[in-house]
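Notes for the one structure printed next.
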Amino acid sequence: MTTDVREVHCRARPRRALWLSVAFAAAGVGASVVWAAYRGPSVLWVAVGGSFALVGLVSLHLVTARVSADARGLRSWTLLRRWSVPWPDVAELRIRLKRRNGSRGGQIRRVGVLLRDGHSRTLPLPVATGPYELDLFEEKLADLRVLHQRHGIGVAESVAVPVVSDRTAGRGWAGAAVLWCVGLLVGAGVAAAFVSGTAADQRAWRAAVPCTASTPVAERRECLTYTSAVIARTDPNRPKKSSWLYFADDRPFARLEVPVEAADGFRAGDKVQLTFWRGEVRVVTGSRYVWHRHVPNAGTLAVMSALAALAAGYPGALTVQRVRGRRLPDDEVLPSALPFVVPLGGTALWLVPLWYLHPTALLDSPATITWAAVGTLGTAALLVWAWRETRVRPADGAEVAVELPELDGEVFVSARFLEHTDYNPYCFGTHIALGDGPPAVTPGPGRFAARRIPVERLTVKAVRRARGGDGETVPGDWHIAELDDGGRPVRLAAAPDDLTRVLRELTAVREAQ
């Protein structure tokens, strides 16, 4: 790291292309306005002009953004905001990682600034959206760190740059997860509100009988009436257009919207009978085909409500994980919320059929009460298991050590070194062989292509939880052992119990040599 840095300036690149984009967008907006004024406004040209305006604003924001730093502090300019802070008020510079939408493994790197009052900001520049910008990003970040170490207060020079990503505790509240959770719960509530009315309509339709001469006019909507008609022609349309049945002499009306299967089933000249209930056609009966209007099913609506409520459980679990990790350092990786999928799926197995079969009478019989009680107990047991599986296991010795059984024969432990070394070339290892023979790094649960671990060179320095800088391939519930390999730092990642087993075996082999 260079120490002769006096000033740092960051501007967007390539500036010429961004200015051309601004000019092109301005020309497009002007042409859209002139054309709309000449020919009259239309939705098409409003959309075209709005698209050009959006492109122009984004390009103008990028081309005018800049960041500079010197001995006085850090300054940031954007199209809508200016911000500055002196170095003594900056507690830490960090890397903020964000996944790129629609790309495989792509990440956007920016510089985050943690202030001593606890607030944080993200600088618009420097930014790395791909490997070709990574070198320049790291160079600018290194220069900013030099100025921070020189003019800040109590800044250590050897501390690694914290990496905050979507997997770490410092990402903040999962706003999208909260919105998804609330939205799905609202949808579940809306669907549940219609269950009772739908069930009543379904029962009324099943109980409906033909009207008689003595049926009062006020009650004729609730009974069945029949009218004869002749189909003049059919108009089947696929796949998303409406299909129609047209009636001769527009009797009892001109046309009736039906599914495409019904339009294919009837022919011109067919004599049909129309069944009316509550003012609409419910059945069309012909000699070759009978069409029934779909009657909403209360059980189906109840299932939709249940599935929406269960789907809200996963973003809710993400939010709970954020809350549970609020006391962790910002760059520590949170355990995955995937174990909560098991109780959600288990709940669906008993709740969905119960709601489908008994949408309005869940607790009206001993059988349904027993069904719901047993299912609830099973869900509670699975939730306890998921809660334990997603707990934050400390790596500083605060947790009681697990008694591991002695090795009986050869064991292949899922663990991997995170650095390229002579015994882990190109980070090929996914397992460590223990037991029979010397400890070795292997590309799988077997001795094929095994590389012996030089245990005589390795010394354990510390064991910690996974951090954002350890990479996306390290699960959130794994721990990291920081080792000294003959003066070179290396990291060994594994699940807590597996890491304890590996370190114990490596220590035992080294002491036996």
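The values are calculated or read from the model by the stated rules, or taken from the named source; none is laboratory data. Quick caveat: nothing in here was measured; it's all calculated off a predicted structure. Here the Cβ positions follow ideal geometry from the backbone for every residue, glycine too, while neighbour counts run over all protein chains shown. When the accessible area is computed, the model is the full protein with side chains, heavy atoms only, and any ligands, DNA or RNA have been set aside. Shrake-Rupley method; radii C 1.70, N 1.55, O 1.52, S 1.80 Å.
For segment 363-375, name all the residues that are outside any helix (DSSP H, G or I) and open to solvent by 50 Å² or more (accessible area, probe 1.4 Å).
Matches in segment 363-375: 363, 364.
A quick yes/no check of all residues on (1) under 27 Å from the mean Cα position of the chain (by Cα); (2) closer than 30 Å to residue 92 by Cβ; (3) crowded, with 19+ Cβ neighbours inside 10 Å:
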site	(1), (2), (3)
280	no, no, no
286	no, no, no
292	no, no, no
307	yes, no, no
322	yes, yes, no
327	yes, yes, no
332	yes, yes, yes
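Taking segment 454-498, which residues are surrounded by 20 or more Cβ atoms within 10 Å (Cβ to Cβ), under 29 Å from the mean Cα position of the chain (by Cα) and among the aliphatic types (A, V, I, L, M)?
Correct list: 466, 474, 480, 492, 493, 494.
Would you mind stating whether residue 449 is without any contact (Cβ under 8 Å) to a residue 24 or more places away in the chain, in a loop (DSSP other than H, G, I, E, B) and either surrounded by 14 or more Cβ atoms within 10 Å (Cβ to Cβ) or not acidic (Asp, Glu) (or both)?
So residue 449 fits the description; yes.
For segment 172-212, which positions are in contact with a strand residue (DSSP E or B) (Cβ under 6 Å, 6 or more places away or on another chain) and either part of a helix (DSSP H, G or I) or among the acidic types (Asp, Glu) (or both)?
Filtering segment 172-212 down to residues in contact with a strand residue (DSSP E or B) (Cβ under 6 Å, 6 or more places away or on another chain) leaves 208, 210-211.
None - no residue of segment 172-212 is in contact with a strand residue (DSSP E or B) (Cβ under 6 Å, 6 or more places away or on another chain) and either part of a helix (DSSP H, G or I) or among the acidic types (Asp, Glu) (or both), so the list stays empty.
How about segment 250-277: which of its residues are surrounded by 14 or more Cβ atoms within 10 Å (Cβ to Cβ), more than 43 Å from the chain's Cα centre (by Cα) and either part of a strand (DSSP E or B) or of a type outside the set (Asp, Glu) (or both)?
255, 256, 265, 266, 272, 274, 275, 276, 277
Identify all residues within segment 300-358 that are outside any helix (DSSP H, G or I), at pLDDT 90 or above and more than 21 Å from residue 384 (Cβ to Cβ); write none if there are none.
Those that are outside any helix (DSSP H, G or I), at pLDDT 90 or above and more than 21 Å from residue 384 (Cβ to Cβ): none in segment 300-358.
For segment 229-244, what are the residues that are without any contact (Cβ under 8 Å) to a residue 24 or more places away in the chain and in contact with a helix residue (DSSP H, G or I) (Cβ under 6 Å, 6 or more places away or on another chain)?
Once the filter is applied, which keeps residues that are without any contact (Cβ under 8 Å) to a residue 24 or more places away in the chain and in contact with a helix residue (DSSP H, G or I) (Cβ under 6 Å, 6 or more places away or on another chain), segment 229-244 yields 238, 243.
Hey, residue 336 hits all of (1) touching a residue at least 40 places away in the same chain (Cβ under 8 Å); (2) closer than 30 Å to residue 120 by Cβ; (3) in contact with a Phe, Trp or Tyr (Cβ under 8 Å, 6 or more places away or on another chain); (4) surrounded by fewer than 20 Cβ atoms within 10 Å (Cβ to Cβ) but one; which does it fall short on?
Of everything listed in (1) touching a residue at least 40 places away in the same chain (Cβ under 8 Å); (2) closer than 30 Å to residue 120 by Cβ; (3) in contact with a Phe, Trp or Tyr (Cβ under 8 Å, 6 or more places away or on another chain); (4) surrounded by fewer than 20 Cβ atoms within 10 Å (Cβ to Cβ), residue 336 misses just condition (3).
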